[in-house]
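> Here it is, the structure in full.
The values are calculated or read from the model by the stated rules, or taken from the named source; none is laboratory data. Everything quoted here is computed from the prediction, not taken from an experiment. Methodologically, a virtual Cβ is constructed for each residue, glycine included, from the backbone with ideal geometry; neighbour enumeration extends over all protein chains shown. These area figures cover heavy atoms from the full protein model, side chains too; ligands, DNA and RNA do not enter into them. Shrake-Rupley method; radii C 1.70, N 1.55, O 1.52, S 1.80 Å.
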Amino acid sequence: MRVLRSIAAMQRLAQDWRRDSARIGFVPTMGYLHAGHLSLVREARRRVGRAGKVVVSIYVNPTQFAPTEDLSRYPRDLKRDLALCRKEGVDVVFVPNDATMYPGKAEGKYSTYVVEETLAVRMEGASRPTHFRGVTTIVAKLFNIVLPDLAVFGAKDWQQAAVIKRMVADLNFPLRIVVVPIVREADGLALSSRNRYLTGRRRAQALVLSRAIAQVRRVVRPAPVSAGRLRRVVQRVIAAAPDARLDYVAFFDPETLLPQTRVGRGTQMALAVFIGRTRLIDNARL
Ligand code: PAF
């Protein structure tokens, strides 16, 4: 496994691979890898085959964090991440730094961003107004560097995957986006690098997200229900945890992300909840 830090080295290698007709599967991450990330790596390998190449990027992208968010304390452990990638048979881990990805930014000389204007507006976009601009920008840059045939994303960030699919279609990136199901702990908590922030008591309270989804599923099973009623169901579940605060809950079409007022089977549900200072997200198809 090779660890590359420069754009030129990564691009050169990707061009060589493409010349040799090797398919490139790409998994962009912010590191602190867990079983959810590894499921993306395995999916990339399954799709490109043994003759193909799998690239993982590890980069905590500052432009997708607001100044008030957890950029400086975001968990990092490159040594462990590299060991996990090696074990999974990853071909290259691309580990750029800020000066590489945003040259001249500190001196005000970086000024190009990618903005998706429709799907990125609600939910995460409403709560974190600069977030998706950072995500689409870094992902577009990484696509131009890694030159993948396919890129794999997790369904936990459902809106992110939808925004990136739209960007790929709108900007004619010649690659396929693959979305892999959420991996959960045995008790239902969706895997996230941010789970690391949760102490014992708060770890237990974090189960309100998956409980809220399960409760909504039970309510809509017999017949469609109004989104307003379901919002109250979710608020009640979240209120049972003393350190939990609901940021948003949304019921929407899984493809268009348009809000649905009557919610039944097939509707997508997403929610964001603060457990203390830690903000967690989860989603599910009802
Ligand atoms: O999902 C993530 O980890 C990040 O948003 C991504 C796609 C790696 C971009 O920084």
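> Based on Cβ point charges of +1 for Lys and Arg and -1 for Asp and Glu, what charge dipole magnitude is obtained for segment 181-286 about its Cα centre, in debye rounded to the nearest 20?
320
> Share of segment 34-125's accessible area from carbon and sulfur, percent, 1.4 Å?
So the carbon and sulfur contribution to the accessible surface is 51 percent.
> Show that you can apply the helix-only estimate: for the chain, add -39,500 (n - 2.57) for every DSSP H stretch of four or more residues, divide by all residues, and state [θ] at 222 nm to the nearest 500.
-11000 deg cm²/dmol
> Output the pairs from Lys53/Lys141; Lys53/Lys79; Lys109/Lys156; Lys79/Lys165; Lys87/Lys141; Lys53/Lys87 with a Cα-Cα distance over 25 Å in this structure; if there are none, say none.
Lys109/Lys156; Lys79/Lys165; Lys87/Lys141
> So how much accessible area does Lys165 have, in Å² to the nearest 10, using a 1.4 Å probe?
90
> Please turn the phi angles of segment 185-202 into ³J(HN,Hα) values with the Karplus equation 6.51 cos²θ - 1.76 cosθ + 1.60 (θ = phi - 60°), one per residue in order, whole Hz, x for glycine and proline.
Ordered by residue, 3J(HN,Hα) equals 5, 4, 8, x, 5, 5, 5, 7, 4, 6, 4, 4, 6, 7, 7, x, 5, 6 Hz.
> Quick one: 3J(HN,Hα) in Hz for segment 271-280, Karplus 6.51/-1.76/1.60 with θ = phi - 60°, rounded, Gly and Pro as x.
My calculation for segment 271-280 gives 8, 10, 9, 7, 10, x, 8, 8, 9, 10 Hz in order.
> Ok, one more. Given H placed 1.01 Å from N in the peptide plane, which residues other than close sequence neighbours of Ser226 have an amide H under 5 Å from its amide H?
Val263
> Follow-up question, since we're still on this one. Which order do His34, His131 take when ranked by solvent-accessible area (1.4 Å probe, heavy atoms of all protein chains), largest first?
His34, His131
> Would you kindly give the portion of the calculated P(r) for segment 223-286 that falls above 13 Å, as a percent of all Cα pairs?
Everything past 13 Å amounts to 62 percent.
> Also: Past the 13 angstrom mark, what percentage of all C-alpha to C-alpha distances in segment 196-239 do you count?
57
> Return the percentage of antiparallel bridges among DSSP beta bridges fully within the chain, rounded to the nearest 5 %.
Once the DSSP bridges in the chain are tallied, antiparallel ones form about 50 percent.
> Residues in segment 215-231, backbone N under 16 Å from the label point at Arg262 (7 Å along the Cα-to-beta-carbon vector): list them, ranges by number please.
So the set is 220-230.
> Which whole-number value in Å² is the accessible area per residue of segment 100-242, probe 1.4 Å?
Per-residue value: 49 Å².
> Return the equivalent ellipsoid semi-axes of the chain as a descending list in whole Å, where each equals the square root of 5 times an eigenvalue of the C-alpha gyration tensor.
33, 20, 19
> Once the convex hull of the alpha carbons of segment 67-154 is built, what does its volume come to per residue, in cubic angstrom?
Output value, Cα hull per residue: 148 Å³.
> For Val54, which sequence-distant residues (separation of 5 or more, or a different chain) have an amide H within less than 5 Å of its own amide H, given hydrogens modelled in the peptide plane?
The answer is Gly25, Asp91, Val92.
> Could I ask something else about it? Size of segment 1-111 along its principal axes in angstrom, Cα-based, largest extent first?
Computed over segment 1-111, the largest-to-smallest principal extents equal 42, 31, 20 Å.
> Oh, and also: Mind listing the phi-derived Karplus ³J(HN,Hα) values for segment 241-250, rounded to whole Hz, using 6.51, -1.76 and 1.60 with θ = phi - 60°, and x for any glycine or proline?
Those phi angles translate into 9, x, 9, 9, 9, 6, 8, 7, 9, 9 Hz.
> Can I ask one more? If each of Arg184 and Gln11 carries a label point 7 Å out from its Cα toward its Cβ, how far apart are those two points in nm?
4.4
> Peptides 192-200, 41-49: what's the order by average Cβ count within 10 Å, highest mean first?
Listed from highest to lowest mean packing, they are 41-49, 192-200.
> I'd like the projected area of segment 145-245, averaged over all directions, using the convex hull of its alpha carbons. Report it in nm² with one decimal.
Its Cα hull, projected and averaged over all orientations, spans 9.2 nm².
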